[in-house]
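Chemist: Next up is a structure, given as structure tokens.
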Amino acid sequence: MTARIGSATSRVDGRAKVTGAAKYAAEFAAPDLAYGIVVSATIPKGRITSIDASRARAVGGVIDVITHTNRVRMADKDDGYRDEVAPEGGSPYRPLYDDRVHFNFQPVALVVAEDEDTARYAATLVDVKYQAEDFATDLHARREQAFKVDKPIKPRGDATRALAGAPVRHDAEYGVPVEYHNPMELFASTVLWRDGGKLVVHDKTQGVQNVQRYVCGVFELKEDDVQVMSPFVGGAFGSGLRPQYQVVLAAMAALKLKRAVRVVLSRAQMYGLCYRPATIERLAIGANRDGGLTALTHEAIAMTSQHEAFSRNDIGWGDVLYTSETSRATHRLARLDVPTPGDMRAPGAASGVYGLECAMDELAVALKMDPLALRLRCYSDRDQDKNLPFSSKRLRECYQQGAEAFGWSKRGAEPRSMREGRELVGWGMASGAWEAMQMPFASRIVMTANGHVEVASATSDIGTGTYTIMAQVAADMLGVPLDSITVKLGDSTLPKAPVEGGSWTAASISHAIVNAAGDIRAELLTIAQAMPGSPLLGLTADEVTLADGAVVAIADRSRSVAMADVMRHGGMDRIEKERGSEFKEDDKHAHNTHAAIFAEVKIDEELGVVRVTRIVNAVAAGRILNTKTASSQIMGGVVMGIGMALHEEARIDHRFGRIMNANIAEYHMPVNADVHDIQVIFVEEEDRIINKMGIKGLGEIGIVGVPAAIANAVYHATGKRVRDLPITLDKLL
Ligand code: MOS
């Protein structure tokens with residue numbers, strides 16, 4: 001049998017997805033289903049003075065209008081609202097809790113009706129009066145009031161002095177605007193009410209057990225009373241990490257009305273949830289004339305809400321990538337009257353590395369050095385902050401293979417030196433890095449005597465390919481064909497798993513499966529060795545493997561017993577094993593994935609239109625479980641990176657504290673016409689330290705560095721440096 005791990009296996013859930021057999025949260029039905037439509041606040045800050053729902057209630061088919069004045073009981077303390085990925089500081093937002101308005105688009109009422117259209121119409125008749133208060137929504141207006149976040153990154157040496165004395169210096173600010181995930185699937189929850197008050201929740205989420213604990217916390221229910229399911233997710237990119245308010249409203253209505261309720265947010269309401277925070281990334285770098293860095297400083301200022309302090313690792317990436325004699329990094333947060341920002345693909349790194357890698361490009365210009373040569377000159381084999389070696393770091397090979405595939409050596413050194421007809425051509429590059437994280441996951445394997453295998457875990461597949469890699473790993477470890485495997489996930493009753501995020505799922509779930517499969521192998525061997533005349537006598541579990549439906553001696557393939565015979569002999573029709581991922585703490589190494597990105601842009605000189613005609617992204621991410629789904633992850637990251645560089649930006653009218661382009665017509669994202677040639681290279685990287693199988697995981701790494709590579713290419717094409725994203729044509733003309 002051919003090995004499945006590492007192959008370009010197509011998605012095992014692909015057929016279900018394209019035929020419509022895969023059901024999403026808003027597609028579950030019930031005979032008693034009612035429909036809830038959210039009424040959103042129209043001011044960013046203040047108090048609700050009155051809600052007149054009489055006209056809405058008078059509409060035939062309207063069942064209830066739920067507000068903070070007539071809701072069911074909810075927890076009075078923050079604990080009930082705190083989820084697995086909530087910021088450590090502050091008070092999580094409590095939907096329909098009281099009369100306070102904390103941000104624009106905050107839900108203030110839920111109109112529930114027998115059908116969706118009636119609810120939608122009646123929601124327009126709810127009359128909400130506010131007492132508005134002064135507010136702030138502009139990061140740039142509040143940057144001076146930003147407070148410092150405590151981060152574990154220690155300053156090294158006296159960076160201020162080193163900067164002042166540096167022969168070559170670059171100091172600039174780079175801006176990232178508020179960006180939205182815009183997954184295809186809207187936030188939706190269908191909550192079924194069972195006799196006795198138990199809830200079955202179909203939710204759009206990246207973590208079913210996280211939502212289960214949250215719903216239990218908010219409504220003070222027991223874990224057994226709430227089951228959360230999310231077997232299919234139509235994209236999330238981080239937006240489904242924290243439970244969103246629609247699940248609270250749907251559960252609240254179901255509990256109040258004792259019937260099934262579905263709440264689907266509108267596309268506009270999706271802009272009142274989580275988002276990538278706007279940040280100002282200030283980079284000041286000092287260097288000797290040969291390109292050796294003497295100082296590397298990074299100050300990030302990000303926005304957060306009034307009620308929570310959300311921050312991610314914008315800073316610190318310079319220490320992962322480069323050597324510098326001194327360094328300093330600080331992170332500040334400005335409080336605004338907005339919803340709490342959230343994780344969005346490579347949170348922190350996407351923004352921070354954008355600034356860092358543009359600054360490195362500008363430094364290369366000042367040094368009159370090739371930007372790739374500068375990266376190689378400062379290459380670091382140790383994490384400078386932790387002062388630890390990497391479990392593996394084949395970034396040098398990423399640079400080399402990426403540059404070769406791209407043709408980097410043919411680059412004209414000067415800006416505006418390359419042209420094709422009426423278009424300026426620019427080539428830029430950047431580095432990328434992300435963390436290789438691992439989390440405690442559990443999986444349960446049930447193998448039946450007829451050769452069927454069920455692998456289960458409460459993890460999610462947010463489109464990343466988790467179903468497929470789980471099946472691949474199980475198939476290889478149990479020696480059965482892929483189509484004998486059923487994968488179950490996205491159900492809170494299954495073995496424990498955290499939210500699918502941080503790119504930690506592949507490594508974590510794979511090891512849980514390997515461990516459970518190991519237990520099955522050991523048990524089969526014990527029974528096989530008890531069979532009369534067993535050919536496997538004297539062997540340990542490590543000396544046998546499961547292959548082609550048999551227990552086989554590794555050293556001598558002729559010594560084998562069919563698994564069906566073993567199970568028959570043992571009088572069993574099934575074997576069931578559950579195990580965790582069981583990683584050992586490794587504080588002797590830093591663990592990261594790395595990438596080198598090369599970008600080509602072509603820019604119409606008269607119109608300023610930028611096309612990203614080619615991207616090569618060379619990634620080192622340990623062992624690749626599935627080259628097809630992994631390439632798709634990187635490609636998706638590159639496309640999001642194109643969006644970040646050229647298109648994406650929430651336009652907020654700060655006079656009203658309200659987003660003006662809360663729709664996918666005016667919030668621009670790359671479409672097919674914006675996406676040209678993307679080449680993904682996986683650099684071979686054997687990591688014997690990080691975990692047994694050498695898996696690092698990927699997904700986030702695909703976007704990191706892409707916006708910088710494109711911005712640097714735009715500079716190379718035009719000689720014009722645009723530091724505030726997105727690089728729209730008005731900024732180039
Ligand atoms: Mo990812 S931003 O952790 O879904």
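Chemist: Treating only the Cβ atoms of Lys and Arg (+1) and Asp and Glu (-1) as charged, compute the dipole magnitude of the range 439-580 about its Cα centre; round to the nearest 20 debye.
Modeler: 140
Chemist: Sticking with this one: Output wanted: per-residue J couplings in Hz (rounded whole) for the range 593-607, from phi through Karplus 6.51 cos²θ - 1.76 cosθ + 1.60, θ = phi - 60°, x for Gly and Pro.
Modeler: Once rounded to whole Hz, the list reads 9, 9, 8, 10, 10, 10, 10, 10, 10, 10, 10, 5, 5, 7, 9.
Chemist: Roughly how many whole Å is it from the C-alpha centroid of the range 714-733 to that of the range 42-101?
Modeler: Centre-to-centre distance over Cα atoms comes out at 43 Å.
Chemist: Continuing with the same structure: Counting other Cβ atoms within 10 Å, keep those with at most 15, restrict to DSSP loop, and tell me which chymotrypsin sites (Phe, Trp or Tyr not before Pro) in the range 629-733 are left.
Modeler: Details: sites: Phe656, Tyr667, Phe682, Tyr715; in loops: Phe656, Tyr667.
Here the sparse-neighbourhood loop sites are Phe656.
Chemist: Apply the Karplus parameterisation 6.51 cos²θ - 1.76 cosθ + 1.60, with θ equal to phi minus 60°, to every residue of the range 374-391 and state each ³J(HN,Hα) to the nearest whole Hz, in sequence, with x for glycine and proline.
Modeler: 5, 4, 5, 4, 9, 3, 10, 8, 10, 6, 5, 6, 6, 6, 10, x, 8, 4
Chemist: Exactly which GluC sites (Glu not before Pro) in the range 14-101 are in a DSSP loop and have at most 10 other Cβ atoms within 10 Å?
Modeler: For GluC sites (Glu not before Pro) across the range 14-101 that sit outside H, G, I, E and B with at most 10 neighbouring Cβ atoms in 10 Å, the list reads Glu88.
Chemist: Give the separation of the Cα centroids, the range 416-452 to the range 155-211, in Å.
Modeler: About 18 Å separates the Cα centre of the range 416-452 from the one of the range 155-211.
Chemist: Let me ask something else. Say the cut-off is 18 Å between C-alpha atoms; which of Lys488/Lys577; Lys23/Lys628; Lys198/Lys256; Lys151/Lys386; Lys588/Lys692; Lys222/Lys488 go over it?
Modeler: Lys23/Lys628; Lys222/Lys488
Chemist: Oh, and also: Using a 7 Å offset from the Cα along the Cα-to-Cβ direction at both Thr627 and Arg568, what is the distance between the two label points in nm, to one decimal?
Modeler: Between Thr627 and Arg568, the label points sit 4.0 nm apart.
Chemist: Can you compute the FRET efficiency between Arg15 and Ala555 using 1/(1 + (r/R0)^6), with r the Cβ-Cβ distance and R0 = 30 Å? Round to the nearest 0.05. Mind showing how you got there, number by number?
Modeler: Numbers: r = 40 Å, r/R0 = 1.33.
The formula returns an efficiency of 0.15 here.
Chemist: Would you mind checking which residues have amide H under 5 Å from Gln679's amide H? H placed 1.01 Å from N; only 5 or more apart, or other chain.
Modeler: Ile615, Val616, Asn617
Chemist: Report the extension gain between Arg142 and Glu88 in nm, rounded to one decimal, defined as 0.36 nm multiplied by the number of residues separating them, less their alpha carbon distance.
Modeler: Between Arg142 and Glu88, full extension yields an extra 17.2 nm.
Chemist: Now, a different point. Can you say what percent of the DSSP beta bridges in the chain, counting only those with both residues inside, are antiparallel? Round to 5.
Modeler: On the way: 102 of 132 bridges.
That works out to approximately 75 percent antiparallel.
Chemist: Sort 131-143, 229-241, 115-127 by the packing proxy (mean of other Cβ within 10 Å over each peptide's residues), most packed first.
Modeler: Working: 131-143: 15.8, 229-241: 24.2, 115-127: 17.6.
In descending order of packing, they fall as 229-241, 115-127, 131-143.
Chemist: Aspartates and glutamates within cross-link reach of Lys584: Cα-Cα under 16 Å, excluding same-chain residues under 8 positions apart?
Modeler: Asp687
Chemist: Under unit Cβ charges (Lys, Arg +1; Asp, Glu -1), what dipole magnitude, rounded to 20 debye, does the chain have relative to its Cα centre?
Modeler: 500
Chemist: How far is it, in nm, from the label point at Glu420 to the one at Asp542 when both lie 7 Å from their Cα along the line to the Cβ?
Modeler: With each label placed 7 Å out from Cα toward Cβ, I get 5.5 nm.
Chemist: Just to check I understand the Karplus step: with θ = phi - 60° and J = 6.51 cos²θ - 1.76 cosθ + 1.60, what whole-Hz values come out for the range 402-416, glycine and proline as x?
Modeler: Once θ is set to phi - 60°, the couplings for the range 402-416 become x, 4, 5, 4, 7, x, 4, 5, 8, 6, x, 5, 7, x, 6 Hz.
Chemist: FRET efficiency for Leu376 and His654, Cβ-Cβ distance as r, R0 = 41 Å, nearest 0.05?
Modeler: Computed FRET efficiency for Leu376 and His654 comes out at 0.40.
Chemist: Same structure, new question: Given the Cα-Cα distance of Asn70 and Ala449 and 0.36 nm per residue of separation, how much length would full extension add, in nm?
Modeler: Once the chain is fully extended between Asn70 and Ala449, it gains 130.9 nm.
Chemist: Moving to a separate point now. Taking loop as defined by DSSP and a crowding limit of 15 other beta carbons within 10 Å, which trypsin sites (Lys or Arg not before Pro) in the range 325-370 fit?
Modeler: Those satisfying the criteria are Lys368.
Chemist: Can I ask one more? Contour minus end-to-end for Ala22 and Tyr97, with contour as 0.36 nm per residue of separation and end-to-end as the Cα-Cα distance?
Modeler: That works out to 23.5 nm of additional length.
Chemist: Still on this structure, please answer the following. Quick one: if the Förster radius is 30 Å, what FRET efficiency do Asp724 and Asp677 give, using the C-beta to C-beta distance and rounding to 0.05?
Modeler: About 0.65, to the nearest 0.05.
Chemist: Order of 695-705, 61-71, 179-189 by packing, highest average Cβ count within 10 Å first? Before the final figure, lay out each step's value.
Modeler: Details: 695-705: 30.1, 61-71: 19.0, 179-189: 21.5.
The peptides rank, most packed first, as 695-705, 179-189, 61-71.
No value in this document is a laboratory result; all are computed from the given coordinates. Computed from a predicted model, the values in this text were never measured in an experiment. Glycine also receives a Cβ, built like all others from the backbone with ideal geometry; neighbour counts cover every protein chain displayed.
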